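Participant: The structure's right below; bear with me while I get my questions together.
Values quoted throughout were computed directly from the atomic coordinates according to the rules given, and no laboratory measurement underlies them. All values derive from a computational prediction rather than experimental measurement. Ideal geometry is used to build each Cβ from the backbone, glycine not excepted, and the neighbour counts take in all protein chains shown.
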Ligand code: GRG
C-alpha cells in the first residue's frame with residue numbers, strides 16, 4: 001500500500017466524520033424535546049466522539065461500488081446508533097462496569113443507570129426507524145427490508161448480543177483460539193460485517209461473487225479489529241484509548257495476546273488483514289480505500 005493511499009484514506013475519513021456527525025445530529029431528537037433527560041443522554045453518548053469506524057466502512061464500501069454517499073447517510077447512522085447502544089449497555093454495572101468511554105464519563109455515570117439503559121434501548125429503536133423510514137435512503141422497499149433484516153440479524157442473539165452473552169460467560173474460563181474467534185465474530189464482527197453489507201445492499205445489481213468477496217473482507221477486518229483492540233488493551237494507556245486500559249487482564253478475559261503472546265497476536269492480525277486485502281482483488285484499484293482501511297485497522301493507536 002503506497003502512502004498516497006493512506007493520505008487519501010485520511011482525508012476520506014475526515015470527510016466521513018464530518019458527514020456522519022451532521023447526519024447523526026439531524027436524526028437524534030433535540031435535547032429539549034420531552035423526555036428531555038433521555039434525549040440528552042442519547043445525544044451525549046452519540047455525538048462528538050469515537051472513531052466512527054463503522055459508518056466510515058459503510059461510506060467506503062459505497063464509494064467503492066459507486067453508491068452516492070447521501071444514500072448511505074441513513075445506514076451509516078443506523079450502524080453507529082447500534083454501536084453506541086452497545087457501548088452504553090456494555091459499560092453498565094451489570095456488564096463491564098466502566099466509568100470512562102470516549103474520554104468522558106460513561107452514560108450511566110453522567111446521567112444514571114436507568115436513563116442509560118433507556119438511552120441504549122431508544123438508540124437501538126432509532127437505528128431501525130432510520131432504515132425503515134429515512135427519506136434520504138432512496139432505495140425501493142424490498143431493499144429497505146433487506147437492510148432491516150441484515151442489521152437485525154447482526155445485532156440479535158445470533159450476532160452481537162449473542163457474542164456478548166458468550167463473552168460474559170467466558171470470564172475466567174480458558175477459551176481456545178477457535179472459541180475466542182467465534183465469540184468475536186459475533187460480538188464485534190457482526191456489526192462491522194453489517195456496516196459493509198448495508199452498502200452492498202444499496203447496490204442490488206452487484207455481482208454476487210463481488211458481494212461475497214466484500215463479505216469475506218468484512219469478516220476478516222472485524223476479527224483484525226478485535227485483535228488490535230486486545231493488543232491496545234495491553235500496550236496502550238487510558239488517556240490514548242479514552243477508555244480504561246488493562247481491563248481484559250484485570251477481569252481475566254480471554255484475549256488474543258493471552259493465547260498467542262503479543263508478537264503472535266500482531267502476526268495474526270497482519271495475516272488476517274492480508275486475507276482481507278486479497279479478497280478485494282477482483283475489484284482492482286476501485287477498492288484501494290478499503291485496502292487502506294484494513295491496514296488502518298491493524299495499525300491504529302486508539
Ligand atoms: C449489546 C451490551 C451489548 C454489547 C454488545 C459490541 C459489544 C457487545 C460491546 C461493546 C464494548 C466493547 C469494548 C467491545 C470490544 C470492541 C469494541 C467494539 C470496541 C469499541 O469500538 P471502537 O473502538 O469505539 O470502534 P469508538 O468509541 O471509537 O466508536
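Participant: Assuming 0.36 nm per residue, please report the length gained on full extension of the stretch residue 262 to residue 5 beyond their Cα-Cα distance. It would help to have the intermediate numbers written out before the result.
Facilitator: Working: separation 257, 0.36 × 257 = 92.52 nm, distance 2.77 nm.
Stretched out fully, the residue 262 to residue 5 stretch lengthens by 89.7 nm.
Participant: Right, here's the next one. Given springs between every Cα pair under 10 Å in a Gaussian network model of the chain, which of 39, 83, 186 has the largest fluctuation?
Facilitator: Largest GNM mean-square fluctuation: 39.
Participant: Based on the Cβ-Cβ distance from residue 235 to residue 207, what FRET efficiency comes out when R0 is 45 Å, to the nearest 0.05? Don't skip to the end; give the middle numbers.
Facilitator: Numbers: r = 41 Å, r/R0 = 0.90.
About 0.65, to the nearest 0.05.
Participant: How far is it, in nm, from the label point at residue 129 to the one at residue 32 when both lie 7 Å from their Cα along the line to the Cβ?
Facilitator: Distance between the two pseudo-spin positions: 2.0 nm.
Participant: If you don't mind, another one. For region 158-184 and region 2-30, what is the centre-to-centre distance using only Cα atoms, to the nearest Å?
Facilitator: About 31 Å separates the Cα centre of region 158-184 from the one of region 2-30.
Participant: Sticking with this structure for a sec: Take residue 121 and residue 149, extend 7 Å from each Cα along the Cα→Cβ direction, and tell me the distance between the two endpoints in nm.
Facilitator: Spacing of the two 7 Å Cα→Cβ label points: 2.9 nm.
Participant: Find how many whole Å separate the alpha carbon centroid of region 259-302 from the alpha carbon centroid of region 91-106.
Facilitator: 29
Participant: Using the alpha-carbon centroid of each, what span in Å lies between region 195-231 and region 115-139?
Facilitator: Distance between centres, Cα-based: 22 Å.
Participant: Further, regarding this structure: Based on other C-beta atoms within 10 Å, arrange 106, 244 from fewest to most. Let's see the in-between values first.
Facilitator: Details: 106 24, 244 17.
The most exposed by this proxy come first: 244, 106.
Participant: Another one. Below 8 Å between Cα atoms, with a sequence gap of 6+, how large is the relative contact order for the chain in percent? Provide the component values of the computation, followed by the final result.
Facilitator: Working: 426 pairs, mean separation 58.6, N = 302.
Relative contact order of the chain: 19 percent.
Participant: Let me ask you something else. Using only helices, what value at 222 nm comes out for the chain when you add -39,500 (n - 2.57) per DSSP H run of length 4 or more and divide by the total residues, to the nearest 500 deg cm²/dmol? Walk me through the numbers on the way to the answer.
Facilitator: Numbers: 15 runs with 208 residues, N = 302.
Helix contribution divided over all residues of the chain: -22000 deg cm²/dmol.
Participant: Computed FRET efficiency, Cβ-Cβ of residue 173 and residue 47, R0 30 Å: what is it to the nearest 0.05?
Facilitator: Working: r = 37 Å, r/R0 = 1.24.
With R0 = 30 Å, the Cβ-Cβ based efficiency is 0.20.
Participant: Follow-up. What per residue convex hull volume, in Å³, comes out for region 3-299 when only alpha-carbon positions are used?
Facilitator: Working: hull volume 36.2 nm³, N = 297.
Dividing the Cα hull volume of region 3-299 by its residues yields 122 Å³.
Participant: Arranged by the count of other C-beta atoms within 10 angstrom, fewest first, what order do 61, 255 take?
Facilitator: On the way: 61 27, 255 21.
The fewest-first ordering by Cβ neighbours comes to 255, 61.
Participant: Based on other C-beta atoms within 10 Å, arrange 166, 277, 227 from fewest to most. It would help to have the intermediate numbers written out before the result.
Facilitator: Numbers: 166 16, 277 20, 227 28.
Ordered from fewest to most neighbouring Cβ atoms within 10 Å, 166, 277, 227 come out as 166, 277, 227.
Participant: While we're on this one: Would you kindly state how much longer the chain becomes between residue 270 and residue 158 on full extension, computed as 0.36 nm times their sequence separation minus their alpha carbon distance, in nm to one decimal?
Facilitator: Details: separation 112, 0.36 × 112 = 40.32 nm, distance 2.73 nm.
Gain on extension, residue 270 to residue 158, equals 37.6 nm.
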